Amino acid sequence: RLAKLREMLVNLPQELNPERVNTTPEAWLSTLKEIAEIVGLSLSVSGSLPSDPSKAKIFMQVAQEGITNVLIHSDADAVDLVLREEPTQYVLQLSNPGGTGMPVTYGQGLSGLEEVLEMVGGRLIVNSGKSFTLTARLPR
């Protein structure tokens, strides 16, 4: 599954800026759902990416890394992606209801995401146990 995902992610739009690539956040989420389905993962998405293209791109990276981690570290066949706006922040929460079965360790992917989020005043929270949950917060 992972090799197939990597192959598919290469073709995923990298920019949301309409001046460079005419890809909307909604189109990106739709493509991500299709890719997840192809590799045998049911991706439930609620909410929408931030309208700010730079923040949407960061959330795209978080979703991509989270789904990749689910495929590497679990045998899950479902992932929930919740996107929401709060008064002072945007929130992305990616959950694998089946958990990982092992403690989460920060490799290059999660460490890199944490660094990107912190550079723009955001935060990454990783929880594991009965479920694996990756939460990213960005200021509005």
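Observations on the model:
- S44 versus S111: modelled label distance in nm, points set 7 Å from Cα along the beta carbon direction: 3.4 nm
- You can think of it this way: the chain between S30 and S54 has 6.8 nm of extra reach, that is 0.36 nm per residue less the Cα-Cα gap.
- Close amide H pairs (under 5 Å, H built 1.01 Å from N) link Y90 with L138, R140, residues at least 5 positions away or on another chain.
- For A78, nonlocal amide neighbours, meaning residues 5 or more places apart or on other chains whose placed amide H falls under 5 Å from its own, are S42.
Computed from the coordinates by the stated procedures, all read-outs in this text should not be read as laboratory data. Quick caveat, the model's predicted, so the values are computed rather than measured. When we count neighbours, we look across all protein chains shown, and the Cβ atoms used for this are built from the backbone with ideal geometry, even at glycine.
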